[in-house]
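A quick write-up on the structure given underneath.
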Amino acid sequence: MSDVTAGDPAAGAAGAPAPAPGPAARGEPAGAAPGNMQAWAAAGDTGWEVFFARRVSHAYLLAGPPGAGHQEAARAAAAALLCPHGAAGRACGRCDSCLQVAGGVHPDLVAPDQHGIDAVRQVLATLAYRPRVSARKVVLWRDVDRLTPQAANALLKSVEEPPPFVTFLMTTDHPERVLPTLRSRCQRIPFRPRPREERARQLAAATGSEPLVAYWALRVAADDGEQAARLLAEPACGEEVAQLRDAARRLREGGALDALEVARQLAQWGERAEPAAEVLVFLLRGDDATLGAGGDDAEAGRGDPVAGGHPGPGVRPEEPGEAPPAARLAWTRALAELRRALQANANRQLALEVFCWRCWRAARDAGAEPVPPGPRAGRGGRRVLP
């Protein structure tokens, strides 16, 4: 085991360089950092820095469910370990080392994307050489639960006793699937899922984007912060949110034909139709207001409208300017029914028509306006009137 005191001058070349606060910690604008460095730090900002504040171990296993931030935290931790100007477990985000990590070209960062025995052999071959530009060499291996048994066993000895200048950073969404002997040789850092609203606020602040656009990017990216940050760099991401806002307005204020037109447009989104429907309900319920709140104002269960997390039968107390609880519940149920229909391989166009009709009808009921009966999905893909 090769524990090294971080930032200790007596640690010599193997010691982790003494780090200084990065731009986010200093309150500087997110645009000052290159690439996605601040996005990584924001998406994975769950207190992992404490593990590097005093000592750096030989191997870490960052584990948590998808969207918990462990994947982003591992990349940010690698940047911090390689940065010559970092502090308190954070990279500066500006030096050449940080730029190289952001670009995936740092000579002392080994990031294999395969999980077979050949990938392990290639990694082990690189560990025999000392770092080229940094005081440390970092092996960043994502999804180690996908390692084949042969590959995991071949990696055991090197993880247990690596060269003194090597640190392993491994991640997994399924720690129970990691080979127990490999898992026992790592210091495990557990990550708990956080509300998507909270992560969206942090990602928006780090990238200079609108919180709702960041929320949409996280939803499309299945809560992968790095992928969401890349999506935010595309103009289409903001345009899609503008279309969703317009669709929500039409469901609230338009007529039955508007609802069917929204369904037709959503059907053209392909695999993104279900995430789009979720964000539509998010907007209809007024939950996007939570993106401007923090701390106790943001409720832990509101990242998914169907997940609930509110007092009472799936709804929370009505607040001034919000839709009535009955409408909020109706929208949530409409989304749940849509998900069940799509999982059952129902006709997507028809399932979306039923979903949009139900959302429109709930909006009309909330306004005490009479509503004609709407369609529902029948056998054989037929539209049935109730």
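Any read-out appearing in this document is the output of simple, stated calculations on the displayed coordinates, not a laboratory observation. Only a predicted model underlies this, so the values are computations on that prediction, with no experimental measurement involved. Counting neighbours? That spans all protein chains shown, and the Cβs are built from the backbone with ideal geometry, glycine included.
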For this session: Please list 271-282, 251-262, 344-355, 65-76 highest first by mean number of surrounding beta-carbon atoms within 10 Å per residue.
Result: 65-76, 271-282, 344-355, 251-262
Seminar exercise, completed: Rounded to the nearest 0.05, FRET efficiency between Q349 and E239 (Cβ-Cβ, R0 25 Å) equals 0.65
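In the neighborhood of A119, defined by Cβ-to-Cβ distances under 11 Å, what is the net charge if each Lys or Arg adds +1 and each Asp or Glu adds -1?
Neighbour charge sum, excluding A119 itself: 0.
Tally Lys/Arg at +1 and Asp/Glu at -1 over every other residue whose Cβ is under 10 Å from the Cβ of F165; what's the total? Please report the intermediate quantities before stating the final value.
Numbers: positive: R130, R136, K137; negative: D108.
Around F165, the charge tally is +2.
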